[in-house]
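What follows is one structure encoded as structure tokens, with my remarks underneath.
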Amino acid sequence: MKNVIVLGSTGSIGRQTLEVIRNFPGKFKVLGLGAGKNWRLLADQVKEFRPAAAAMADERELLHLKNSLEPAVCPDLAWGREGLEDLARMPEADLVVVAITGAAGIYPTLAAISAGKDVALANKETLVAAGQLVMDQVARKNTVILPVDSEHSAIWQCLCCHDIETIEKIILTASGGPFRQLGREQLESVTVDMALCHPNWVMGSKITIDSATLMNKGLEVIEAKWLFGVSYSQIEVVVHPQSIIHSAVEYRDGSVIAQMGVPDMRLPIQYALTYPNRLSGPVPRLKWTDLQELTFEAPDLERFPALRLAFEAGRAGGTMPAVLSAANEVAVDLFLKGKLSFKGIPSVVGSVMDRHNLVEKPKLDEIMEADRWAREKALQAGI
């Protein structure tokens, strides 16, 4: 039985992770659960999975959680950054699933790796902002990062049994989001409700907006650079509206290996949890005869400049990716609150990047300071 910690258990990926675990009784033990503010849902999860420990980002919400639980089912409780880090370091844990949104995921990810734990990573910002630090720590501790993103999971599977030196390029597929066919003028009138209606995937609000702007794909480009040790010139983004091919790898002999499946996040989550095994699960099977067409097109960087900004930040390196990610997080939040237009999201990000004084080889405290600075400037630019 594999002992699992789920950080971000009340979010979209966290809930689906627990759904996968639920389908394999006897295979997994939920050792710990971590969440932000949703104490009601966390209470239900604690009652069902009976973890040994739980943590929340906010102390007041933790008190609500404690008061809602009978003493017989109440686990060890902690709160804040230290509480989540302690959860990630639990000695009995075999795997830590990091599904926390935002830069807050960096600390527990590093804590888990420093404790020698394998990490199933669903948090984009960790590798975007601190990729060099994280991968250096992985190498020192001889641990493994198991990608949970569908695209990176696909690449990981396509690389199985192949030498990284034989890669010519990685092809990251993107659905194109709900506005792929809208003109520039139409993008001016995009509403929050429109942006939250993704054509293929069911995700949290932040990542859904990122998918609509193509920033999500931009962040994945930076992640792929660190996960697979390739250069940015070896990463190509291709829009694939059907979301059947999740990504592919082209090798130097001209062969292309792609990973396909229905657009269902439970599939990459399950593979990360059960790796290296493949178990029969609840994900619907791909019906080949129902596939009418598979189409591909180049992304439009004029209408969707967020992807261009991500490539620029990645190539700049240092603290610039952290600035990109933090400014985007604030801009998306402003959009969701109706305080910024859809097209204003990449505009705010670009303006903050233009004002940033790059630190080339940052330490963790310098990365977090860049994150704080970018949030402050993005908030000023967006209001």
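Give just the number: which of (1) touching a Ser or Thr at 6+ places or on another chain (Cβ under 8 Å); (2) of a type in the set (Ser, Thr, Tyr); (3) over 25 Å from Thr213 (Cα atoms) does Ser280 not satisfy?
(1)
Surrounded by 15 or more Cβ atoms within 10 Å (Cβ to Cβ), at positive phi and of a type outside the set (D, E, K, R) - does that describe any residue in the range 201-220?
Scanning the range 201-220, I find at least one residue that is surrounded by 15 or more Cβ atoms within 10 Å (Cβ to Cβ), at positive phi and of a type outside the set (D, E, K, R), so the answer is yes.
Condition first: in contact with a strand residue (DSSP E or B) (Cβ under 7 Å, 6 or more places away or on another chain) and outside any helix (DSSP H, G or I). Now tell me which residues in the range 88-98 satisfy that.
Met90, Glu92, Ala93, Asp94, Leu95, Val96, Val97, Val98 - these are the residues of the range 88-98 that are in contact with a strand residue (DSSP E or B) (Cβ under 7 Å, 6 or more places away or on another chain) and outside any helix (DSSP H, G or I).
Any idea how many residues of the range 307-344 are farther than 12 Å from His356 by Cβ, over 16 Å from the mean Cα position of the chain (by Cα) and among the polar types (S, T, N, Q)?
Looking only at that region, the number is 1.
Pairs please, first residue from the range 101-125 and in contact (Cβ under 8 Å) with a residue 40 or more places away in the chain, second anywhere and among the polar types (S, T, N, Q) and surrounded by 20 or more Cβ atoms within 10 Å (Cβ to Cβ), Cβ atoms under 6 Å, 6+ apart in sequence or on different chains.
If the second residue must be among the polar types (S, T, N, Q) and surrounded by 20 or more Cβ atoms within 10 Å (Cβ to Cβ), the pairs left are Gly105/Asn123; Gly105/Thr126; Ile106/Thr126; Glu125/Ser325.
May I ask you to verify whether Thr143 is under 13 Å from Val249 (Cα atoms) and of a type in the set (Ser, Thr, Tyr)?
Considered against the rule, which asks whether it is under 13 Å from Val249 (Cα atoms) and of a type in the set (Ser, Thr, Tyr), Thr143 comes out as no.
Yes or no, residue by residue, for (1) among the hydrophobic types (A, V, I, L, M, F, W, C); (2) more than 22 Å from Ala322 (Cβ to Cβ); (3) modelled with pLDDT under 95:
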{"site": "Ala103", "(1), (2), (3)": "yes, no, yes"}
{"site": "Pro108", "(1), (2), (3)": "no, no, no"}
{"site": "Glu125", "(1), (2), (3)": "no, no, yes"}
{"site": "Val148", "(1), (2), (3)": "yes, no, no"}
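Would you check if there is a residue in the range 281-288 being surrounded by 14 or more Cβ atoms within 10 Å (Cβ to Cβ) and not in a helix (DSSP H, G or I)?
Yes, that holds for at least one residue.
Step by step: first the residues of the range 129-140, then only those that are in contact with a helix residue (DSSP H, G or I) (Cβ under 7 Å, 6 or more places away or on another chain) and surrounded by fewer than 24 Cβ atoms within 10 Å (Cβ to Cβ), then the one that is nearest to Asp94 (Cα to Cα). Which residue is that?
Filtering the range 129-140 for residues that are in contact with a helix residue (DSSP H, G or I) (Cβ under 7 Å, 6 or more places away or on another chain) and surrounded by fewer than 24 Cβ atoms within 10 Å (Cβ to Cβ), the one nearest to Asp94 (Cα to Cα) comes out as Val138.
Identify, from the list Thr101, Thr126, the residue that is crowded, with 19+ Cβ neighbours inside 10 Å, part of a loop (DSSP other than H, G, I, E, B) and touching a helix residue (DSSP H, G or I) at 6+ places or on another chain (Cβ under 7 Å).
Residue meeting the stated conditions: Thr101.
Does Val239 satisfy being aliphatic (A, V, I, L, M), in contact with a Lys or Arg (Cβ under 7 Å, 6 or more places away or on another chain) and crowded, with 18+ Cβ neighbours inside 10 Å?
yes
I'd like the full set of residues that are at pLDDT 95 or above, crowded, with 19+ Cβ neighbours inside 10 Å and in contact with a Gly (Cβ under 8 Å, 6 or more places away or on another chain), limited to the range 351-383.
The one that is at pLDDT 95 or above, crowded, with 19+ Cβ neighbours inside 10 Å and in contact with a Gly (Cβ under 8 Å, 6 or more places away or on another chain): Pro362.
If you check every pair at least six apart or on different chains, which have Cβ atoms under 8 Å apart with a residue in the range 18-31 that is over 13 Å from Asp94 (Cβ atoms) first and a residue that is part of a loop (DSSP other than H, G, I, E, B) and of a type in the set (Ser, Thr, Tyr) second?
Here the result reads Leu18/Ser9, each pair linking the range 18-31 to a residue that is part of a loop (DSSP other than H, G, I, E, B) and of a type in the set (Ser, Thr, Tyr).
Residues of the range 142-156 being of a type in the set (S, T, N, Q), out of contact with any Phe, Trp or Tyr (no Cβ under 7 Å at 6 or more places or on another chain) and in a helix (DSSP H, G or I), which ones? Quick ask: steps written out before the conclusion?
Restricting attention to the range 142-156, the residues satisfying the condition of being of a type in the set (S, T, N, Q) are 142-143, 150, 153.
Imposing the further condition that a residue be out of contact with any Phe, Trp or Tyr (no Cβ under 7 Å at 6 or more places or on another chain) reduces the set to 142-143, 150.
Correct list: Ser150 only.
Quick one: in the range 191-235, of everything that is among the hydroxyl-bearing types (Ser, Thr, Tyr) and not in a helix (DSSP H, G or I), which residue is nearest to the chain's Cα centre (by Cα)?
Going through the qualifying residues, I end up with Ser231.
Output the residue which, of all residues in the range 198-216 that are in contact with a Ser or Thr (Cβ under 8 Å, 6 or more places away or on another chain) and not polar (S, T, N, Q), is nearest to Thr295 (Cα to Cα). Steps first, answer last, please.
Step one: list which residues in the range 198-216 are in contact with a Ser or Thr (Cβ under 8 Å, 6 or more places away or on another chain), which gives 198-204, 206-207, 211.
Then keep just the ones that are not polar (S, T, N, Q); that gives 198-199, 201-204, 206-207.
Values: His198: 18, Pro199: 15, Trp201: 17, Val202: 21, Met203: 23, Gly204: 26, Lys206: 27, Ile207: 23 Å.
The qualifying residue nearest to Thr295 (Cα to Cα) is Pro199.
The values are calculated or read from the model by the stated rules, or taken from the named source; none is laboratory data. This one's a predicted model, so the numbers in the text were calculated from it and none came from an experiment. Glycine also receives a Cβ, built like all others from the backbone with ideal geometry; neighbour counts cover every protein chain displayed.
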